[in-house]
Amino acid sequence: MFEQKPRTLINMLQDSFIAKLIWFPVMASLLIGLPGKLAISQNPQNYLQIGLNSSPFLAELEQPTAVNVSQTTKEIDEKTAFNLVWKLPLVQRKAREIQRLSKGKIRVGAIVDGYPTPNNPYYTVRVFEDEPDHNTTIYWFRVLNTGDVIEALDVVDNKYISLEEWRAQLKR
């Protein structure tokens, strides 16, 4: 009948390797419980591709999803908002002018009059003449809670404008 050739070590390793190559992925998917199927395809370069086509549930997990990431921005405090306004050259010039014209009787001050809220992220800073019996507002400013934007109130139009626009109005 058939003469059986003696099995060499290489034949046994090959048989063992092929068995492992075929059965291990199958057994692993069964043991892990991945509901899927094995997909074998050939790409245009004639390479054989073997992969696991997973269930729709797992496919959703593999899809990239958009994630909203909040970028942390450094917010300033009340003192910083105050200093940003108080140190403006035009504010300091006005303070010196009022003190000089009043011969030191009237001083100029500033106060944080409003604080940021979720709907309005600005500090409101009021610059005023500080007289003994009352005070008179000179300028209103608002400072974005990040400190990036400072705007002055245009009292004629009752709206906040950029510092550049404000300086141009004062020069007229």
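Each reported figure results from applying straightforward, stated rules to the coordinates on display, with no laboratory input. None of the values given here were measured: they were computed from a predicted structure. Neighbour counts run over all protein chains shown; Cβ positions are idealised from the backbone, glycine included.
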Legend entry - Candidate set from the stretch 136-168 (those that are of a type in the set (Phe, Trp, Tyr) and assigned to a strand (DSSP E or B)); member that is farthest from the chain's Cα centre (by Cα): 139
Inset, instruction - Would you please name the residue that is farthest from residue 81 (Cα to Cα), looking only at residues in the stretch 148-172 that are of a type outside the set (A, V, I, L, M) and crowded, with 17+ Cβ neighbours inside 10 Å? - result: 166
Inset, instruction - Give the stretch 115-135 a look and list any residue that's in a strand (DSSP E or B) and farther than 18 Å from residue 101 by Cα, or say none. - result: 122, 123, 124, 125, 126
Legend entry - Some residue of the stretch 137-144 being over 21 Å from residue 167 (Cβ atoms) and either among the acidic types (Asp, Glu) or out of contact with any helix residue (DSSP H, G or I) (no Cβ under 8 Å at 6 or more places or on another chain) (or both): no
Legend entry - Long-range neighbours under 6 Å by Cβ, at least six apart or interchain, first residue part of a loop (DSSP other than H, G, I, E, B) within the stretch 91-114, second loosely packed, with under 15 Cβ neighbours inside 10 Å: 106/131
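I need the full set of residues from the stretch 76-102 which are within 15 Å of residue 149 (Cα to Cα) and surrounded by 13 or more Cβ atoms within 10 Å (Cβ to Cβ), in order please.
Those that are within 15 Å of residue 149 (Cα to Cα) and surrounded by 13 or more Cβ atoms within 10 Å (Cβ to Cβ): 76, 78, 80, 81, 82, 83, 84, 85, 86, 88.
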